[in-house]
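This report concerns only the one structure given below.
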Amino acid sequence: MDGASPSAVVLSFSKAEGATNVVLMQSIDGGNNWSPANVRVNKDSLLAMVFGLKGGTTYHFQLVVTGGSRAGESNVVSVSI
(Lines give C-alpha, C1' and ligand atoms only; values in the text may rest on other atoms or scores of the structure.)
Protein backbone atom coordinates (compact mmCIF):
# COMPACT_ATOMS: atom_id res chain seq x y z
CA MET A 1 0.00 0.00 0.00
CA ASP A 2 1.20 3.50 -0.83
CA GLY A 3 2.38 5.31 2.32
CA ALA A 4 0.30 8.36 1.41
CA SER A 5 -2.98 6.46 1.04
CA PRO A 6 -5.22 6.66 4.11
CA SER A 7 -6.57 3.43 5.47
CA ALA A 8 -8.78 2.19 8.27
CA VAL A 9 -8.80 -0.56 10.86
CA VAL A 10 -11.66 -2.16 12.78
CA LEU A 11 -10.93 -3.14 16.37
CA SER A 12 -13.12 -5.42 18.47
CA PHE A 13 -13.15 -5.70 22.24
CA SER A 14 -15.22 -6.95 25.15
CA LYS A 15 -18.09 -4.81 26.36
CA ALA A 16 -17.02 -2.48 29.18
CA GLU A 17 -19.74 -3.39 31.69
CA GLY A 18 -20.55 -0.49 34.00
CA ALA A 19 -18.00 1.86 32.42
CA THR A 20 -18.60 5.58 32.60
CA ASN A 21 -16.11 6.39 29.83
CA VAL A 22 -14.04 4.54 27.23
CA VAL A 23 -11.24 6.16 25.22
CA LEU A 24 -9.26 4.47 22.45
CA MET A 25 -5.64 5.60 22.59
CA GLN A 26 -3.09 5.21 19.78
CA SER A 27 0.68 5.34 19.48
CA ILE A 28 3.00 5.32 16.47
CA ASP A 29 6.25 5.14 18.44
CA GLY A 30 5.98 1.70 19.99
CA GLY A 31 3.82 2.80 22.90
CA ASN A 32 6.11 5.48 24.31
CA ASN A 33 3.65 8.31 23.62
CA TRP A 34 -0.11 7.95 23.46
CA SER A 35 -2.85 10.21 22.13
CA PRO A 36 -6.61 9.73 21.74
CA ALA A 37 -7.50 8.06 18.42
CA ASN A 38 -9.77 10.00 16.09
CA VAL A 39 -12.80 7.88 16.96
CA ARG A 40 -15.60 8.05 19.50
CA VAL A 41 -16.02 4.77 21.36
CA ASN A 42 -19.46 3.91 22.64
CA LYS A 43 -19.05 2.19 26.01
CA ASP A 44 -21.79 -0.28 25.04
CA SER A 45 -20.18 -1.16 21.70
CA LEU A 46 -17.90 -4.03 20.80
CA LEU A 47 -16.26 -2.39 17.77
CA ALA A 48 -14.35 0.75 16.86
CA MET A 49 -13.30 1.83 13.37
CA VAL A 50 -10.29 4.14 13.08
CA PHE A 51 -9.93 6.03 9.78
CA GLY A 52 -7.11 8.06 8.26
CA LEU A 53 -4.25 5.69 9.03
CA LYS A 54 -1.17 5.89 6.82
CA GLY A 55 0.41 2.93 5.05
CA GLY A 56 3.89 1.88 6.11
CA THR A 57 3.12 2.69 9.75
CA THR A 58 2.68 0.41 12.76
CA TYR A 59 -0.01 1.64 15.11
CA HIS A 60 -0.51 0.53 18.71
CA PHE A 61 -3.99 0.78 20.23
CA GLN A 62 -5.16 0.55 23.82
CA LEU A 63 -8.48 1.22 25.57
CA VAL A 64 -8.60 3.31 28.72
CA VAL A 65 -11.75 2.44 30.64
CA THR A 66 -13.13 4.51 33.52
CA GLY A 67 -15.48 2.78 35.95
CA GLY A 68 -16.99 -0.67 35.90
CA SER A 69 -15.47 -4.12 36.19
CA ARG A 70 -12.93 -3.52 33.38
CA ALA A 71 -11.60 -0.16 34.58
CA GLY A 72 -8.01 0.62 33.66
CA GLU A 73 -5.87 0.10 30.56
CA SER A 74 -6.45 -2.79 28.19
CA ASN A 75 -3.86 -4.92 26.46
CA VAL A 76 -2.03 -3.24 23.61
CA VAL A 77 -2.83 -4.31 20.04
CA SER A 78 -0.40 -3.61 17.20
CA VAL A 79 -1.57 -3.12 13.62
CA SER A 80 0.74 -2.57 10.63
CA ILE A 81 -0.85 -0.75 7.71
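Taking each residue as 0.36 nm, the span from LEU46 to SER69 lengthens on full extension beyond its C-alpha to C-alpha distance by 6.7 nm. Viscosity 0.890 mPa s, temperature 25 °C: Stokes-Einstein D of the chain from its Kirkwood Cα radius, in µm² per second? Reported coefficient: 188 µm²/s. Fraction of C-alpha pairs exceeding 16 angstrom in the stretch 26-69: 44 percent, rounded to a whole number. For the set PHE61, PHE51, PHE13, solvent exposure ranked by accessible area (probe 1.4 Å, protein chains only) runs largest to smallest as PHE51, PHE13, PHE61. Here the chain exposes an accessible surface that is 49 percent carbon and sulfur, computed with a 1.4 Å probe and the other protein chains kept in place.
Sorted largest first by accessible area at a 1.4 angstrom probe radius, with every protein chain in place, the residues LYS15, LYS54 fall in the order LYS54, LYS15. Sorting VAL79, VAL64 by accessible area puts them as VAL64, VAL79; the probe is 1.4 Å, largest comes first, and only protein heavy atoms count.
The values are calculated or read from the model by the stated rules, or taken from the named source; none is laboratory data. Note that the structure is a prediction, hence the values are computed from the model and not measured. These accessible areas exclude ligands, DNA and RNA; they are computed on the full protein's heavy atoms, side chains included. Shrake-Rupley method; radii C 1.70, N 1.55, O 1.52, S 1.80 Å.
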